[in-house]
Structures are given as C-alpha cells and as structure tokens.
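Structure first, commentary second.
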Amino acid sequence: MLNADSAALDHYPGLLAQTGKSAVDLWATLPPRQPEPVGTTLSLASILANPGDFSRQLEVAAAHRQTEPRVLASVIHQNLALEVLGPLTMQLFLKGTTRLPDPQELRFDAFGDHGRWRDQGTGAEVSVATYIEQVADRVNAWYPVFRQQLGVSAGAYWSSTGLGLCAPYTALHDSAPPERLCDLASAWLTRFNCDAKRFIDWIPFRIGSNDCAIPQRRGCCQKYRLAEGRYCGTCGIYRKQRIIATTAI
C-alpha cells in the first residue's frame, strides 16, 4: 500500500504536459502565505474544542446577515477545504511533499465575507503516503463537530472536502483530456479512507468546441442562500439540466 501511495502522483507530470500548462503556472495559483492578521482570530483547534462557543457566534453573525447559522457554517467549512486542503494538496502534487493541516495553526479570521482561513503552519513536510493517511484521519475527526454541533450536512461536508483534495485536477479541468482526468481524479479520491469519494462525481462534457471535465457535488454547500450567493460551478443542483444546457451551446 505504501509503495502504491508513493507512486500515486507519477502520472501527474505527463498529464500536466498534455495541457500546455507548467508547474510554474500552477504554483502561481497558490495563495501567498498570509501574515498573522490584526484582530480577532480563532484556531481550528479552539473551534473543535469549543463548538458551542463558535455556534453562538455563528448565530449572531447569521442573524445580522438574515440567514441560518448552518448556512454560514457550511460556507466556512467549504472555505476551509478550498483555502487549506486545496493548496496543501496542490503542493503535494507539484513537489512530492507537503505539510499536514494543523488545527493549532489554522486561523479563522473573524467572519467578514464568510471568514477567511489563514494557514500559519510551519511543520515538517510529509510524504504522499503519510498525507493520504493523516488527512483522512483528520477530516474524519473534524466531521462530528461540523455535522452535529454546527449543522453542516454530510453531503456539504464531504463534497467540499473532496473538492479540496481534488484541487490539482480541478486546475486542469479545461485543458487535460477529460476522460483521463475524470478517471485519475476519481481514483485519487478513493485512496482517502473517508466519505469524500462518495460525494464527488467527475463528469466529462463539452462547452461549445471545448472538451472539459468538472467535479460535481452530491451535497450543496448552501452558499447560494447568502444574500450575494449563487450556484457554484460544481453544484449538483439541477445537474442534468445544466449539463444538457452546456452541451447544447
């Protein structure tokens, strides 16, 4: 298993070469390391240890925005997956090693525009096999708090997690061979011993003359329910109608 995991990324340089993009292009998409913000922040560790306190803060913020606390919680978790798991996984694919998400060093920067996660991690980098095992353990451990204490649905939690873990493939969605990309991305998710693989479907389709591959959620992140929200490009709501519309262009 360790050997198989160690070889899990061997295909990626060849796939990247087929797209006309380079590793430099993908490195440029990663967010720069953010300095510690001025003002109130919460670590993920403190949220997990005291979900009741965080839930009460969500209630206040949700009332101000005239929405539901679970909607904000769902979007906050989606941001965690995309802003933390996504870049860490991208670094793993580009470099072969990466850090693990450390709850003590992941800081939630107030609420503002749904809040922002800042990764202040300084830990040692780990191998592919360790990342696969440890990330699965961590997202499984975080799930009960987000699901039971903060009200995030199973579908929302695991589909957001899956999108974060698939970031290296999503970056190539409009340039890699669609069928191959879908197969590789789906196979990558199955390596994680968690439910993320059950809530993401990779679908090849065509927009005009352009062949693409997109990840589709099986759980809604609820972002469309915020005042300025709208359906995400990966949303599974009305999926059949949307796919029909895109292929008809």
Scope the range 98-115; condition in contact (Cβ under 8 Å) with a residue 40 or more places away in the chain and either open to solvent by 40 Å² or more (accessible area, probe 1.4 Å) or hydroxyl-bearing (S, T, Y) (or both); matching residues: Q104, E105, R107, A110, F111
Odd one out for K95 among (1) without any contact (Cβ under 8 Å) to a residue 60 or more places away in the chain; (2) open to solvent by less than 30 Å² (accessible area, probe 1.4 Å): (2)
Give the residues of the range 189-217 that are touching an Asp or Glu at 6+ places or on another chain (Cβ under 7 Å) and open to solvent by 70 Å² or more (accessible area, probe 1.4 Å), sorted by residue number. R191
Give, as residue ranges, the helices (runs of 4 or more DSSP H) completely inside the range 41-157 that count at least 3 residues that are closer than 23 Å to R217 by Cβ and aliphatic (A, V, I, L, M). 69-80, 86-95, 128-144
Which of the residues that make up the range 68-90 are more than 21 Å from L26 (Cβ to Cβ) and open to solvent by 30 Å² or more (accessible area, probe 1.4 Å)? E68, P69, R70
Does W188 fit the bill of being at pLDDT 90 or above, of a type in the set (F, W, Y) and part of a helix (DSSP H, G or I)? yes
Looking at A73, A45, A17, which one is within 16 Å of the chain's Cα centre (by Cα), modelled with pLDDT of 90 or more and within 29 Å of T170 (Cα to Cα)? A73
May I ask you to verify whether C220 is touching a residue at least 40 places away in the same chain (Cβ under 8 Å) and either more than 22 Å from A8 (Cβ to Cβ) or in a loop (DSSP other than H, G, I, E, B) (or both)? yes
Quick check on my filter: what residues within the range 117-136 are in contact (Cβ under 8 Å) with a residue 40 or more places away in the chain and open to solvent by 20 Å² or more (accessible area, probe 1.4 Å)? R118, D119, Q120, S127, E133
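The values are calculated or read from the model by the stated rules, or taken from the named source; none is laboratory data. On a predicted model such as this, the values are computed, not experimentally measured, just so you know. Because the Cβ atoms are built from the backbone with ideal geometry, glycine has one as well, and the counts that use them run over all protein chains shown. Only protein heavy atoms, including side chains, enter the accessible area calculation; ligands, DNA and RNA are left aside. Shrake-Rupley method; radii C 1.70, N 1.55, O 1.52, S 1.80 Å.
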